[in-house]
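**Q** Take a look at the following structure, please.
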Amino acid sequence: MERYVISGGRPLKGTVPICGAKNAAVAILPAVICSDEPCVIDNIPNISDVEAIIDIMRWMGARIERLSPGRIRIDATTITSCEVPAEMSRKMRASYYFLGALLSRFSRAHVSLPGGCDLGPRPIDQHLKSFSGLGCQWKVEHGNVVVWCDGRLRADHIFFDTVSVGATINAMLAAVKAEGTTILENVAKEPHIVDVANFLNSMGGDVRGAGTDVIKIHGSQYLRGTDYSIVPDQIEAGTFMAAAAATRGDLLITNVIPKHLESIASKLELMGSEITEYDDAIRVRHLGPIRPTNIKTAPHPGFPTDMQPQMAVLLAMAEGTSIITEGIWESRFKYVDELRRMGAQIQLDTGGRAAVVQGVKELAPAALRAPDLRAGAALVIAALSAKGESTISDVSHIERGYENIVGKLSAVGADIRRETVDSGEN
Ligand code: EPZ
């Protein structure tokens, strides 16, 4: 079992480069299956969720060649199977993107119900609604989702009941080669939605309106190869922004799109951080106390749920009381018990959708366990802020989404190391 040992209390100072976005990469790699030619994908983060997607594609028969770090060539034209094995697809949530990608190519897909972070119920009814609209039938059997259509998928006008990132992307993948013009309404607008649309368009697809509430897709018969670079990771950047503020540090975070970071930057400013934006970088400096503020998560352009745990660490050390309301997931406060071990004063409401955070002067070091990806990142920030030695176990959750987090933090002054221990010891 791997764990991090962190000796906290040092301000982070220096420059941190940001990788390509996890949630764009895990969609764009399966989306290569829609292409009729090989593709080169650049700025791919080196994280375990991406490795799991690559393993699945290799297993299915794709030819994958690493050209340089973060850059790979994928020939998915050699794939002949429209089935993803259960033990592989259950490793991560994003395996559901194989449904849309395989449907676009074979009009048939067979994928196990996805795993991923346990954030409460994670239904896929909206994904299935879009596939039905496109002329498919589906059944869920022994934990497997099977979707099929006789002949080519047919365009439709689909109105989503819930704003869903996954359903929006899956519908785009399934519709990109469907016959006619598909209209998707009440769609998600996150930066990775726009990135997937840009990727499909770079292959000659015709996807318009991504980033707004309505996406129109004119189905294409043939998609050519492309050389595409993945958008920078909004959440990795936001996590380092929060770490800079929590440690009263000064970080220049590079290879970002500052526009994607506005909701995070404006909250940090309210909390007392000094933010400077550059063309493709953002600087976060925090000298004084942390001021309390309220946070409510919402679909983009609202405050991202994937940054809620990291911001809670800052509020736990603020001079006053803050309220955090989680608007997306039922179970995104699993870090609260861990922060309480560090002396944080956080009360959850009975429904578990809101937290009242009464700031304390400082957090104390503790032995912690990462319950999921972003909660794990929050605990890293908490441990970096607390003077003394903390340990964090179950770091595989964190490494699903953060490339070389230990190396990046060490390079800006953190005292953090990764070590292997016997299970049971922490
Ligand atoms: C994506 O999950 C991200 N994962 C999540 O990031 C992120 O928290 C989430 O979007 C919201 O931004 C990936 O991109 C791989 P949703 P996804 O469908 O697509 C409900 C991280 O930490 N819903 O937008 O699964 C659902 O229950 C991860 O990087 C339905 O009701 O999220 C939730 O309440 C964790 N029916 C809401 O919509 C559906 O068919 C939003 O979910 C689909 C979703």
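**Q** I'd like to check one number: the per residue accessible area of the chain, probe 1.4 Å, reported in Å² as a whole number.
**A** I get 37 Å² per residue for the chain.
**Q** Once you mark the GluC sites (Glu not before Pro) that are in a DSSP loop and have at most 14 other Cβ atoms within 10 Å, what is the longest gap between them in the chain?
**A** With a cap of 14 other Cβ atoms within 10 Å, the longest stretch comes to 1-318.
**Q** Also, I was wondering about something else. Solvent-accessible area of ASP156, probe 1.4 Å, all protein chains present, reported in Å² to the nearest ten, please.
**A** Surface open to solvent at ASP156 totals about 60 Å².
**Q** Under a Cβ-only charge scheme (Lys and Arg +1, Asp and Glu -1), can you give me the dipole magnitude of segment 269-315 about the Cα centre, in debye to the nearest 20?
**A** 280
**Q** Quick check: net charge around MET317, other residues with Cβ under 14 Å of its Cβ, Lys/Arg +1 and Asp/Glu -1?
**A** In short, +3.
**Q** How much of the DSSP bridge set in the chain is antiparallel, in percent, rounded to the nearest 5?
**A** Bridges in the chain that DSSP calls antiparallel: roughly 75 percent.
**Q** What shape does segment 153-206 have by the C-alpha gyration tensor, where a ≥ b ≥ c are the square roots of the eigenvalues, rounded means a/c under 1.5, and otherwise prolate means a/b greater than b/c and oblate the rest?
**A** In terms of gyration-tensor shape, oblate.
**Q** Which of THR321, THR276, THR181 moves most in a GNM of the chain, Cα contacts under 10 Å?
**A** Result for the chain, Cα springs under 10 Å: THR276 fluctuates most.
**Q** Express the relative contact order of the chain as a whole percentage, based on alpha carbon pairs under 8 Å and six or more residues apart in sequence.
**A** Contact order relative to length: 21 percent.
**Q** Another question, if that's okay. Given a 1.4 Å probe and heavy atoms of the protein chains only, how would you sort ARG66, ARG105, largest accessible area at the top?
**A** The residues order as ARG66, ARG105, largest area first.
**Q** Now a separate question. Less than 13 Å Cβ to Cβ from ARG417, Lys/Arg counted +1 and Asp/Glu -1: what total charge do the surrounding residues give?
**A** It works out to a net charge of -2.
**Q** Another question, then. Ignoring everything except DSSP H segments at least 4 long, calculate the 222 nm mean residue ellipticity for the chain; use -39,500 (n - 2.57) per segment, divide by total residues, nearest 500.
**A** Value at 222 nm, helices only: -8500 deg cm²/dmol.
**Q** Which of the peptides 67-77, 8-18 is most tightly packed, and how do the rest follow, going by the mean number of other Cβ atoms within 10 Å of each residue?
**A** 8-18, 67-77
**Q** How much of the accessible area of segment 92-205, in percent, comes from carbon and sulfur atoms when a 1.4 Å probe is used?
**A** Carbon and sulfur: 49 percent of the exposed surface of segment 92-205.
**Q** Heavy atoms of the protein only, probe of 1.4 Å, neighbouring chains included. What is the accessible area of TRP329 in Å², nearest 10?
**A** Here the residue's solvent-accessible area equals roughly 50 Å².
**Q** Would you work out the charge dipole size for the chain about its Cα centre, treating the Cβ of every Lys and Arg as +1 and the Cβ of every Asp and Glu as -1, and quote it to the nearest 20 debye?
**A** Once rounded to the nearest 20, the dipole reads 200 debye.
**Q** Taking a 1.4 Å probe, which of TYR278, TYR228 shows the most accessible area, and what order do the others take after it?
**A** TYR278, TYR228
The values are calculated or read from the model by the stated rules, or taken from the named source; none is laboratory data. The structure displayed is predicted, hence computed values, not measured ones. Every residue, glycine among them, receives a Cβ derived from its backbone with ideal geometry; neighbour counts consider all protein chains shown. All accessible areas refer to the heavy atoms of the entire protein, side chains included, with ligands and DNA or RNA removed. Shrake-Rupley method; radii C 1.70, N 1.55, O 1.52, S 1.80 Å.
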